[in-house]
Every structure is written in structure tokens, then in C-alpha cells.
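S.K.: The structure's right below; bear with me while I get my questions together.
Rule-based calculations on the coordinates, nothing more; no lab input. Given the structure is predicted, the values throughout are model-derived calculations rather than measurements. Every residue, glycine as well, gets a Cβ built from its backbone with ideal geometry; the counts of neighbours run over all protein chains shown.
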Amino acid sequence: MTNNGHAWTPGMCWLYCRRTGIPVIWLGPATTEGIHAPMYGCAHCVAELEHMIRQHFIARNGPRASGNPGERQGTSE
Ligand SMILES: [Zn+2]
């Protein structure tokens, strides 16, 4: 299973559950105080994060802008 060309690999979830030894996927670089690190998340937490991103998008653009297929990212099979 891949998402945006990145594969699921066993590792630690950097998001909400903090579990280890589970399939996680690279989400992107995280930056804090000038330090960069690769951020990984499990399927469950990535779904939670995607929900938050959608809420953020709706809050910024209004409900009518949600569901615009041209704006969706990270939903490829
Ligand atoms: Zn998780």
C-alpha cells in the first residue's frame, strides 16, 4: 500500500497514539526551532489528521469549497 508514492513501513507513530512497531507512512518534514525531522503516522492517526486538515480547509474556504475534487491531495490509492 502506498500513499503519494511513499510506502508503509514498520515504525513509530509520531501523531496521537505514539505506538511503535506498527505500519506508518511518511507524512512530510516536521520543523521546530530550525530542526527538521521526518514525521510518520499510522493509518488511524493519519485519518484523524486528514479530518483536521479538511476542517481547517472548510473553516478557511467555507463549506461550499469542500468536496472540490480539484483541490484534493493525498487521497490517491
Ligand atoms: Zn497513530
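S.K.: Taking every pair of alpha-carbon atoms in region 1-64, give the share separated by more than 18 Å as a whole percent.
M.R.: Pairs farther apart than 18 Å: 44 percent.
S.K.: Measuring from label point to label point, each 7 Å out along Cα→Cβ, what is the Ile58 to Thr9 span in nm?
M.R.: Using points 7 Å along Cα→Cβ, the separation is 3.5 nm.
S.K.: On to the next question. Can you tell me the length gained on complete extension of the stretch Ala47 to Arg19, counting 0.36 nm per residue apart and subtracting the Cα distance?
M.R.: Extending this stretch completely gives an extra 8.6 nm.
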